[in-house]
């Protein structure tokens, strides 16, 4: 078994996906980090398209390499299109988070709640794609 896979077994054993006792959840944190890395990539690309500043492309490449490293920590050995699916699930999650915030900004709590329900579904699909089952993780935070 590969080193990283052995480390991931820690999370399966304790059912909370924690590295340390006060950890809210490694996969939740990773999902959040990957979402933001992908969003940063989007901003770099949009900025370059808008003003042609080549530094934006350099920043895009830098963030893409960083995101790839962190994504590989948990998904490198996923078969088929799984790695790419994980990446897209993170992007979808970020989009739902932003959409929910926009609905809240106009006072539409019901639509924001619907986005949150969809967000949870996307997160659970992210976890499932990584090889975990819903019953293997604790979805309640301890923060």
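Filter the stretch 44-65 down to residues that are surrounded by fewer than 18 Cβ atoms within 10 Å (Cβ to Cβ) and in contact with a helix residue (DSSP H, G or I) (Cβ under 8 Å, 6 or more places away or on another chain) and give me whichever is nearest to residue 31 (Cα to Cα).
First, pick out the residues of the stretch 44-65 that are surrounded by fewer than 18 Cβ atoms within 10 Å (Cβ to Cβ): 45-55, 57-58, 61-62, 64-65.
Filter again for in contact with a helix residue (DSSP H, G or I) (Cβ under 8 Å, 6 or more places away or on another chain), leaving 45, 47-48, 53-54, 57, 64.
Values: 45: 21, 47: 24, 48: 26, 53: 29, 54: 29, 57: 24, 64: 15 Å.
That would be 64.
For every residue, the table says whether it meets (1) closer than 16 Å to residue 25 by Cβ; (2) modelled with pLDDT of 90 or more; (3) within 16 Å of the chain's Cα centre (by Cα); (4) not in a helix (DSSP H, G or I).
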residue: 73; (1), (2), (3), (4): yes, no, yes, no
residue: 77; (1), (2), (3), (4): no, no, no, yes
residue: 88; (1), (2), (3), (4): no, yes, yes, no
residue: 118; (1), (2), (3), (4): no, yes, yes, no
residue: 123; (1), (2), (3), (4): yes, yes, yes, no
residue: 128; (1), (2), (3), (4): yes, no, yes, no
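Among the numbered criteria (1) modelled with pLDDT of 55 or more; (2) surrounded by fewer than 14 Cβ atoms within 10 Å (Cβ to Cβ), which single criterion is violated by residue 41?
Residue 41 satisfies every listed condition except (2).
So how many residues does the stretch 66-104 have that are crowded, with 18+ Cβ neighbours inside 10 Å and either out of contact with any helix residue (DSSP H, G or I) (no Cβ under 8 Å at 6 or more places or on another chain) or without any contact (Cβ under 8 Å) to a residue 12 or more places away in the chain (or both)?
1
The values are calculated or read from the model by the stated rules, or taken from the named source; none is laboratory data. This one's a predicted model, so the numbers in the text were calculated from it and none came from an experiment. Note: ideal-geometry Cβ built from the backbone for every residue, glycine included; neighbour counts use all protein chains shown.
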